Ligand SMILES: Cc1ncc(COP(=O)(O)O)c(C=O)c1O
């Protein structure tokens, strides 16, 4: 299957070596990987540390008491996860934000890491990691800026993810800027949901929510140089 396991002649479980997938060789990283497998792969494979394994990255696959069909599905999921993880994990940064926000305005940008494992959705863990990085660097966080549908992948942020982003910024009282310039460029499900739709049934401070749009992409009018800011915040609107 392309996953290294410890050799044995018999048994009710085997030890699977996921050390190459750890971000660092620590039990903390092992537990983080375990959480990813539970949440994204929907498999609970016990981390070695819960069986006193002292080296981080070993997982105990228990195949006793499981019918063949279930074992087959579980193996396929593990294989897909492991091979995908090795080949495709990537982070995507929007270079244009660097030009427009850092170079021109002087804003410091902290990137949020998105991974192929969950189709580049923004997880709360990744958001918290970026937020904590900013706090540690004594950067005052003023806004989260996202592109939905994303560039360059065209990935669509699902409703639950958008809700969790709204909750995140609302709890910490900073702004959310949604660049929805590629709103109608995706033709296959899942379909695009605007943040304006998401906040309709949420209890949040909508003064913090802003949408940007332009005629360049969906309308194919890049030369017109027409940009749109749709904000729920009257002060922002009156500045425009
Ligand atoms: C995500 C995103 N936002 C905004 C823009 C700006 O578009 P324009 O200046 O053509 O309106 C672009 C252009 O490439 C983009 O990719």
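A short reminder: the numbers here are calculations on the coordinates, not readings from a lab. Please read all numbers here as calculations on a predicted model, not as lab measurements. Heads up, the Cβs are rebuilt from the backbone with ideal geometry, glycines too, and the neighbour counts pull from every protein chain shown.
For the chain, what does the relative contact order come out to in percent, with C-alpha contacts under 8 Å and a separation of six or more?
Taking the mean separation of contacting Cα pairs over the length of the chain, I get 11 percent.
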Query raised in the report: Per residue Cα convex hull volume for the chain, in cubic angstrom?
Result: 172
Query raised in the report: Fewest first, what order do 103, 15 take by the number of other Cβ atoms within 10 Å?
Result: 103, 15
Query - Label zone at residue 238, where the point sits 7 Å out along the Cα-to-Cβ direction: region 191-231 residues whose backbone N lies under 17 Å - result: 207-208, 231
Report summary line: Between the Cα axis of helix 27-36 and the main Cα principal axis of the chain, the angle (0 to 90°, nearest 10) is 70
Report summary line: So, with points 7 Å from each Cα along the Cβ direction, the residue 186-residue 46 label distance in nm works out to 3.9
**Report entry** Computed helical MRE - 222 nm, the chain, DSSP H runs ≥ 4 contributing -39500 (n - 2.57), nearest 500
**Finding:** -8500 deg cm²/dmol
Report summary line: So the angle from the long Cα axis of helix 159-172 to the longest Cα principal axis of the chain, reported in degrees to the nearest 10, equals 70
Query raised in the report: With axes computed from alpha carbons, what is the tilt in degrees of helix 68-88 against the longest principal axis of the chain, rounded to the nearest 10 within 0 to 90?
Result: 50
**Report entry** Contour excess over end-to-end distance, with Cα ends at residue 71 and residue 172 and 0.36 nm allotted per residue
**Finding:** 32.0 nm
**Report entry** Considering only the chain, percent of DSSP beta bridges that pair antiparallel, nearest 5
**Finding:** 60
Query raised in the report: What is the gain in length, in nm to one decimal, between residue 142 and residue 8 on full extension, counting 0.36 nm per residue of separation less the C-alpha to C-alpha distance?
Result: 42.7 nm
